Amino acid sequence: MDTQIFDLITKEEKRQGETIDLIPSENYCSRQVLRAVGSVLSNKYAEGYPGKRYYQGNAVVDEVERIAKERVCELFGVKFANVQPYSGSPANATVYFALLSPGDKIMGLALFSGGHLTHGHPVTFSGKYFKPVQYSVEESGWIDYEKLGRLVLLEKPKLLIAGTTSYPRILDFKKFRKIADSVGAYLLADISHIAGLIIAGVHPSPVGLADVIMTTTHKTLRGPRGAILMTDNLEIAQKIDRAVFPGLQGGPHENTIAAVAVALAEATRPEFKAYGQQIVKNAKVLAQTLINNSIDLVTGGTDNHLMVIDLRKLNLTGKEVAEKLESAGIITNKNSVPNDPQPPAITSGIRIGTPAVTTRGMKEKEMKRIGEWVSGLILEKLETEKVRKEVKELCKRFPTSLSFWNERSE
């Protein structure tokens, strides 16, 4: 009935199908996940937790939420899980609310070094209501754990955060645990970007090391836009539950929780492990192709699903390159590099990753081609219109399978 919104959704489906998505924090849900998000569970108010709701009529959603929690615990190997956080930022806020008092000191990776806004950036709640002391990567782009350890001993934060949004290397959670223990700090592992890689066994897990683990569900997990909090500590689990509700949230989005459960079930399959392994294989080939074409990468490569192009030697900005790539049908995002001379709205870098293209079935051969396109456009060796046509042809061979909106006749 609402042709305006329907047509816009259809246009967005077409855009996604005809472009190459290299944004490492984006992915494609399955039709089953999309159906759960759009289900009648959206109609139900369910304040509280299974068996302890403030409304009647929750017997079915209680079971849905229990199943989601059980799947989290089984998949990640943890004892306790909360699946109600609306997204990653509210989930991080929940951890702070549960374990800290206003004014307590927190330490996370600085935004320009690849950290997240909610890890203590001064413009956010995390920097306004808590005392942030941020650590940075070196000029090379790597985390210096010895230097971090000295900073923690000096500042003595109550909470240390191990988590990134644009760090292309493996996080050493054992070192983070040792550093946190040196001052008796809590350790929060924000694995939003790498959860799928952990499940696939291509990145170490923080389970058994971090006091709390947070992940979003829409990146490498390929679920809806939600978040999960995990711990093995009963006391912390109880504090987190109280911090989620009634501390920070009201009624949970049970339709999203159902979709999370579906995504978790999909992640138990052998093909998901193969998918996670292929993400890293694809990223390494894409990175090497860029390097072979004289494109600088922060840290000189990648160990995970993403890489950051450093444009400083080319006197280009992330903003102009991201816009040029989009004109050719290649979707990326501008990103800061270590010691970036440009402001965050401009930047000197581009962040690219392989989760979404891997979901479409692309492999090493396609990564080489994409790398040639990206480097050719940056170095002005290829014409934008010519690449755009070739991108569309490649996308036809690897559909997104987002035919949810075209199943009306079924």
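This table checks each residue for (1) farther than 30 Å from Ala93 by Cα; (2) of a type outside the set (D, E, K, R).
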site: Ile240; (1), (2): no, yes
site: Gln249; (1), (2): no, yes
site: Glu254; (1), (2): no, no
site: Val262; (1), (2): no, yes
site: Leu286; (1), (2): yes, yes
site: Asn292; (1), (2): yes, yes
site: Asp296; (1), (2): yes, no
site: Ile346; (1), (2): no, yes
Can you pull out every residue in region 234-254 that is surrounded by 22 or more Cβ atoms within 10 Å (Cβ to Cβ) and in contact with a Lys or Arg (Cβ under 9 Å, 6 or more places away or on another chain)?
Glu254
Inside region 218-264, the number of residues satisfying the requirement of being touching a strand residue (DSSP E or B) at 6+ places or on another chain (Cβ under 7 Å) and among the hydroxyl-bearing types (Ser, Thr, Tyr) is 1
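Every residue, every condition in (1) in contact with a helix residue (DSSP H, G or I) (Cβ under 7 Å, 6 or more places away or on another chain); (2) modelled with pLDDT under 95; (3) in a loop (DSSP other than H, G, I, E, B), yes or no:
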position: Ala180; (1), (2), (3): no, no, no
position: Val183; (1), (2), (3): yes, no, yes
position: Leu188; (1), (2), (3): yes, no, no
position: Gly196; (1), (2), (3): yes, no, no
position: Ile199; (1), (2), (3): yes, no, no
position: Val207; (1), (2), (3): yes, no, yes
position: Lys219; (1), (2), (3): yes, no, yes
Filtering region 186-233 down to residues that are small (Gly, Ala, Ser) and buried (at least 24 other Cβ atoms within 10 Å of the Cβ) yields Ala189, Ser192, Ala195, Gly196, Ala210, Gly223, Gly226, Ala227
Does Lys69 satisfy the condition of being at pLDDT 95 or above and touching a strand residue (DSSP E or B) at 6+ places or on another chain (Cβ under 6 Å)?
yes
Take region 279-293 and flag every residue that is closer than 12 Å to Val374 by Cβ and among the small types (Gly, Ala, Ser).
Ala287
Residues of region 129-152 that turn out to be assigned to a helix (DSSP H, G or I) and within 14 Å of Gly108 (Cβ to Cβ), as a count
3
Looking at (1) more than 26 Å from Pro206 (Cα to Cα); (2) in contact (Cβ under 8 Å) with a residue 24 or more places away in the chain; (3) assigned to a loop (DSSP other than H, G, I, E, B), find the lone condition where Leu41 falls short.
(3)
Verdict on Gly77 being at positive phi and either at pLDDT 95 or above or not assigned by TED's automatic domain parsing to the domain that holds Met214 (or both)
yes
Looking at Leu117, Leu153 in this structure, which one is at pLDDT 95 or above and either surrounded by 20 or more Cβ atoms within 10 Å (Cβ to Cβ) or touching a helix residue (DSSP H, G or I) at 6+ places or on another chain (Cβ under 9 Å) (or both)?
Leu153
Without any contact (Cβ under 8 Å) to a residue 24 or more places away in the chain, at negative phi and among the polar types (S, T, N, Q): is that true of Gln238 in this structure?
yes
Cross-chain or 6+ apart pairs with Cβ under 7 Å, region 383-396 first and over 15 Å from Asp21 (Cα atoms), then exposed (fewer than 14 other Cβ atoms within 10 Å of the Cβ):
Thr384/Ser327
Are any of the residues in region 221-238 assigned by TED's automatic domain parsing to the domain that holds Val40, touching a His at 6+ places or on another chain (Cβ under 8 Å) and either modelled with pLDDT under 95 or closer than 19 Å to Gly115 by Cβ (or both)?
no
Within the group Lys324, Lys334, Lys368, which residue is in contact with a helix residue (DSSP H, G or I) (Cβ under 8 Å, 6 or more places away or on another chain), among the charged types (D, E, K, R) and under 22 Å from Tyr167 (Cβ atoms)?
Lys334
Specify the residue that is surrounded by the fewest Cβ atoms within 10 Å (Cβ to Cβ); the eligible residues are those in region 44-81 that are free of Cβ contacts under 8 Å to residues at least 24 places away in the same chain and farther than 25 Å from Ile236 by Cβ.
Gln56
The residue that is nearest to the chain's Cα centre (by Cα), considering only those in region 249-303 that are closer than 19 Å to Thr215 by Cα and among the acidic types (Asp, Glu), is Glu266
Enumeration of residues in region 318-358 that are surrounded by fewer than 22 Cβ atoms within 10 Å (Cβ to Cβ) and of a type in the set (Ser, Thr, Tyr)
Ser327
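The values are calculated or read from the model by the stated rules, or taken from the named source; none is laboratory data. Note that this is a predicted model, so its numbers are computed, not measured. We place every Cβ from the backbone using ideal geometry, glycine too, and count neighbours over all the protein chains shown.
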